[in-house]
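> Got a structure for you, questions after.
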Amino acid sequence: MKLDNSIDEALPTSGHLPMYVMHKFFARKQEDVIREYIQTYSDKEDIVFDPFCGSGVMIGEALRCGRKAVGVDINPVSIFITRNTIKHSNSERIIEEFNRIKAEIKRDINKLYQTTCRKCGERVHAICFTWKNKSLVDVRYECSHHGRIISHVNEEDLRLLKKIEDGTLTEYFDDNGDCRYWYPTNKLNYWDGTPFLKKERFNSIDEMFSRRNLISLSKLFDRIKKIDDLELQEAFKFTFSSMTHLASKMTPVRPSRPFSSAWVQQSYWYCPHNMESNVWKLFERAVTGRQGLIRAKKSMLEVFKDKKEATSFKQLVNDVNYDYLLLESSINSMEGIKENSIDTVITDPPYGHSIQYGELLYLWGCWLELMNNFDQIAKGEIIKNPRQKKDDREYEQMMRRAFIKIYQVLKPEGYCIITFHNPSLKYRNILFRTVLLAGFEFEKIVYQPPPRASAKSLLQPFGSQSGDYFFRFRKPKENIEKIYKTVEVHKLEELIVDITKKIITERSEPTHYTDIQNSLDPILYEELKKSHQLMDFNPDNVETILKRYVGEVFELVDMEIRHMGNKTLQGKGWWLKDSNVK
C-alpha cells in the first residue's frame, strides 16, 4: 500500500459506540483509535486480520471502513460476542419478540421479587435485595407514589425467601424441590481437577448465584431457547449473557449507585456485601435500555446491513458477496489462510498473566452451552497461568509460534499493528522480542491514553498503568535473517535511568510513577532500534530498577494530584536528587 502519513502520536478519543457496550468484555479497545489505524495502514477492500479478535472491535471497524475482515479466537465466547456485535438485526422483530417474552414470563419472574412499599403498602417488585455475610439485609424498590426507597427486609420478604430456598413454589420446582429448568453446574476446575487461578470461594457456576436468581435465569433462558427463528434466538442469547454476571453474587453494593452494580474484579471473587438484582429488570434493561440491544441495533450504520459472513477464507477472497470470516481456532494451528494473502494485521494479543480470558469467559460460555471442549480451549490458550502449567517460557513459545504464522500470512511490506497493556516491562519485552524474532521490522511505539481513567487507576492513581501501547511493525519486502546484539543488563539499567531523568527534566516537576511508566517505552525501544539491540532476557520492572537509584540519582517527594473533581490525593513523586531544575 502507498502510505501518505503515519500515526506517530496519541490520537483523540471518546466513549464507546452503542454497538460496543451491549456486552461486557475485558480490556476492550477504543474503536475510534482502531478505526484511525485501519484507515491509515490499509486500503479499501484490503483484508484486515485480527488473530486474537476478542470482542470484535477490530472486525467491526474494518467492516465500517470498507475492508474485508478475518477474526480468529480460540474461545467460542469471543466468536459469539463478535458475531452478535457486528450483526445487523431488525429492531422491530426484536421488539415484537421481547413483547411476547414479556407477556409470557415477566409476571412469573417478578413474583420472586415481590414486596410492599413501607410507606403506603402498595405491592411492588424489588429492583434488588442486598446481602451481607450471607444474610438478607435490605430491599430496594420503586413505588409509584414515593419513588425509590431503601428499606430493611421484613417478615414478608423473609417468608418469600424461605419458600424459594425450600423449593416449594410449584411453578418453579418439582416435588423434590429441584428447579424445573436447566442451569449450568460446571465446576471451576481444569481437566485434572486443578481449580481456576481466578476462583475464590465459588466451586461451580451455579454457586455464583442466589437460588432466586438462578431459577429466574433458568426460566428466562428456557424461554429464549424456544424462539423458532434461530437468528433472533441468538440475538436474545447474546442479550441474556450480557446481563448474566449482573445477577451474580459478584456484584458489590456501591454507595454511589445504590440501585445497580457491576462485575468490578477480573476474577470470580467473593463479595461479602453483594447485590441480588431482579433478573427481569436486568433483562429488560439489556434489551430496551440505554446500552441495550434495541438502541444498539437501531444506531448501527447502514454499512453493516448487508455484511455477510463467509464460511472459508477462499470464499471470502473469491466472492464479492462475503465480507468477513470468523474462525474458532488457535492461531498457531489455523489452516486455510494462504501465505502472503493478508494486507494488514491489527490485533490485541493476550497480556501474559494480566487477564485470564479463558477462565473469565467461562461464566458466559457455560450458560450459552459453548464449553463442551473447554479442556482443548484451555490447553491452546496463549497465557501465563500456573494452573494450566504455563510459565513465562511457555507463554513466550506459544506467542512466537503464533507470530511466525502471522508473519507467513501477511503480505510483504504489510503492517502489523499490536496494542498491548501490561504494566510489567518483562511482558512488553516478551512481545517485542517475539515479533522481531518472527521476522518483522520494528518502526514505532505510541502510547495511547484512555478516554477516561480506568477503575483501577482511579483507585491507584500513583501506581497503575492506564492506556495502551501501540507497537507498529512491518513485514520486510524480502526475508533476510537479522542478527540482533544483546543489550547488557547494566547498560539497560543505565538507559532506563537516563530516559527517566529526561522525562522528569522535561516535566520540570516531581512526577508520579504512572507518568514515567507511560512515557518510557517509546523512547526505550527507539534507542534499542538505533543500536540494533534486543533484550534476550526478561528485565526487572521499571520501578524496581529505579528504586535501586533512590538516594543516588532520584528522591521520592510528597506530591498531590487533583482527582475526581476537587478531591486531592497524597502520594510520592519521583524527583532528581540535588536537582537545579525549577
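Laboratory data are not the source of any read-out in this text; all were calculated from the coordinates shown. Keep in mind that what you see is a predicted model, and the values were worked out from it rather than measured. Positions of Cβ are backbone-derived with ideal geometry, glycine not excepted, and every protein chain shown enters the neighbour counts.
> Taking a temperature of 10 °C and a viscosity of 1.306 mPa s, what whole-number D in µm²/s does Stokes-Einstein yield for segment 91-297 with Rh from Kirkwood over alpha carbon pairs?
88 µm²/s
> Please report Y362, Y513 as a ranked list, fewest other C-beta atoms within 10 angstrom at the top and most at the bottom.
So the residues, fewest neighbours to most, are Y513, Y362.
> Something else about it: Over the chain, what is the relative contact order in whole percent, taking alpha-carbon pairs under 8 Å and six or more residues apart?
14 percent
> To the nearest 20 debye, what is the magnitude of the charge dipole of the chain about its Cα centre, counting +1 on the Cβ of each Lys and Arg and -1 on the Cβ of each Asp and Glu?
1300 debye
> Past 18 Å, Cα to Cα, is the threshold; run K491/K530; K29/K307; K163/K281; K119/K162; K44/K68; K68/K305 against it and keep the listed order.
Over 18 Å Cα-Cα: K29/K307; K163/K281; K119/K162.
> Another question about this same structure. Based on Cβ point charges of +1 for Lys and Arg and -1 for Asp and Glu, what charge dipole magnitude is obtained for segment 91-297 about its Cα centre, in debye rounded to the nearest 20?
780 debye
> Let me ask something additional. For W182, W263, W269, which order do you get if you count the other beta carbons within 10 Å of each Cβ and list the fewest first?
So the residues, fewest neighbours to most, are W182, W269, W263.
> Of all beta bridges DSSP finds with both residues in the chain, what is the antiparallel percent, to the nearest 5?
The antiparallel proportion sits near 70 percent.
> Another question, if that's okay. I need the Debye-formula profile for the chain: one equal scatterer per C-alpha, no solvent, reported as log10 I(q)/I(0) at q = 0.09 1/Å, two decimals.
With one equal scatterer per Cα and no solvent, log10 I(q)/I(0) is -0.78.
> Starting from the Cα of K199, draw a straight line to each of the aspartates and glutamates and keep only those under 16 Å, dropping any in the same chain fewer than 8 residues away.
The qualifying aspartates and glutamates are E207, E359.
> I would also like to ask the following. Using only the Cα atoms, work out Rg/Rh for segment 334-436, with Rh taken as the Kirkwood radius, to two decimals.
1.00
> Ranked from highest to lowest mean number of other Cβ atoms within 10 Å per residue, what is the order of the peptides 56-65, 155-164?
56-65, 155-164
> What are the equivalent ellipsoid semi-axes of segment 483-582, built from the alpha-carbon gyration tensor (square roots of five times its eigenvalues), in whole angstrom, biggest first?
The equivalent ellipsoid of segment 483-582 has semi-axes of 28, 14, 12 Å.
> Go ahead and run the numbers for FRET between L230 and T288, Cβ-Cβ distance against an R0 of 25 Å, rounding to 0.05.
0.65
> Using mean Cβ contacts within 10 Å as the protection proxy, how do 184-190, 366-372 order, highest first?
Result, highest mean Cβ count within 10 Å first: 366-372, 184-190.
> Next question, about the same structure. Where Rh denotes the Kirkwood radius from the mean inverse Cα pair distance, what is Rg over Rh for segment 276-410?
Rounded to two decimals, Rg over Rh is 1.03.
> Let me ask something else. Using every pair of alpha-carbon atoms in segment 352-400, split the distances into 10 Å bins beginning at 0 and state the percent of pairs per bin, rounded to integers.
That works out to 26, 51, 21, 2, in percent per bin.
> Could you order the peptides 43-54, 14-25 from most to least packed, using the average number of other C-beta atoms within 10 Å per residue?
Sorting 43-54, 14-25 by mean packing, highest first, produces 43-54, 14-25.
> I need C271, C179 ordered by Cβ neighbour count within 10 Å, fewest first.
With the sparsest Cβ surroundings first, the list reads C179, C271.
> Taking 0.36 nm per residue of sequence separation and subtracting the Cα-Cα distance, how much length would be gained by fully extending the chain between N189 and L301, in nm to one decimal?
36.1 nm
> Give, as ranges by residue number, the residues of segment 408-436 whose backbone N falls under 18 Å from the point 7 Å along Cα→Cβ of N340.
408-416
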